[in-house]
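Inspection log for the structure reproduced underneath, given as structure tokens.
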Amino acid sequence: MISDQTSRGIVRKQYLNSILKELFRKSIHICSAFVPTLLVFAYFPVLSLLFAALILYVISELLRMHGVEIPVIARITEIAARKRDENKFVLGPVTLVLGIMAAAVLWPPAAARIGIYALAFGDGLASLGGKLFGRIHIPLTHGKTAAGSITCFTAVFCSAFAVCSNSCTSLILACTAMLVEVLPLGDFDNIIIPVLIGGLALFLLP
């Protein structure tokens, strides 16, 4: 039989591994915050590179599903994949890029920036905050936590205020992002959050 100390050690190791995996995943999310600035200097080239990366990733995943791996991409996917993604097409990077591109194409620069920041920081930090500090789980949300929701609210409020300098607008955007993030949308929140928050920002901005 496994001793209590050994059992606790295994659980702790699993927890640390899950935190490291989530930190790696969300670092990719947070890196998307650079996209609005890059779009200012090279709008069409950046969109073209995002689209090319999307196509390359889809091809890599399709090949991986058939036992053929593109070394770097497949390794990154393996490290970042969650438990629910095992033996499946990992959809997260696809919806992440689509969400960024949709916000960039649909909305003017300021609104697109707010939408992409909401994805990068709000959604990006919410699950990490939930894993680190989440003790209170929200019913009917597939494991979402109060700590994650508060983290999302704070991140979106701060990032929106950094763009629009309007506390009332930032508050509305943060509340909306928090409500969307808590829904059990799976990877599709990567599309909904930047498009919805960017569109709402366009409506609220003077």
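The values are calculated or read from the model by the stated rules, or taken from the named source; none is laboratory data. Just so it is clear, the model here is predicted, and its values are computed rather than measured. Heads up, the Cβs are rebuilt from the backbone with ideal geometry, glycines too, and the neighbour counts pull from every protein chain shown. For the accessible areas, the whole protein counts, side chains as well, though only heavy atoms, and no ligand, DNA or RNA atoms are used. Shrake-Rupley method; radii C 1.70, N 1.55, O 1.52, S 1.80 Å.
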- Other-chain or far-sequence residues with amide H under 5 Å of residue 138's (modelled H): 144, 145, 146
- Note on the structure: Sorted list, accessible surface of protein heavy atoms, 1.4 Å probe, largest first, for 117, 43 is 43, 117
- Task: Compare the peptides 19-25, 177-183, 194-200 by average per-residue count of other Cβ atoms within 10 angstrom and give them in order, highest first.
- Result: 194-200, 177-183, 19-25
- Message: Just to be sure I follow the rule: in the chain, considering lysines 8 or more places apart or on different chains, how many pairs have Cα atoms under 20 Å apart?
- Response: 15
- Item | 222 nm mean residue ellipticity, helices alone, for the chain (DSSP H n ≥ 4; -39,500 (n - 2.57); rounded to 500) | -24500 deg cm²/dmol
- Compactness summary of region 82-175: radius of gyration and Dmax from Cα atoms, Å, are 14.7, 45
- Task: Report the accessible area of residue 172, computed with a 1.4 Å probe over the heavy atoms of all protein chains in place, in Å² rounded to the nearest 10.
- Result: 70
- For the chain, with all protein chains present and a 1.4 Å probe, just round the carbon and sulfur fraction of the accessible area to a whole percent. 73
- Using a 1.4 Å probe and ignoring any ligands, DNA or RNA, find the accessible area of residue 144 and quote it in Å² to the nearest 10. 50
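Taking N as the number of residues in the chain, what value does Rg over Cα atoms divided by 2.2 N^0.38 Å take?
1.09
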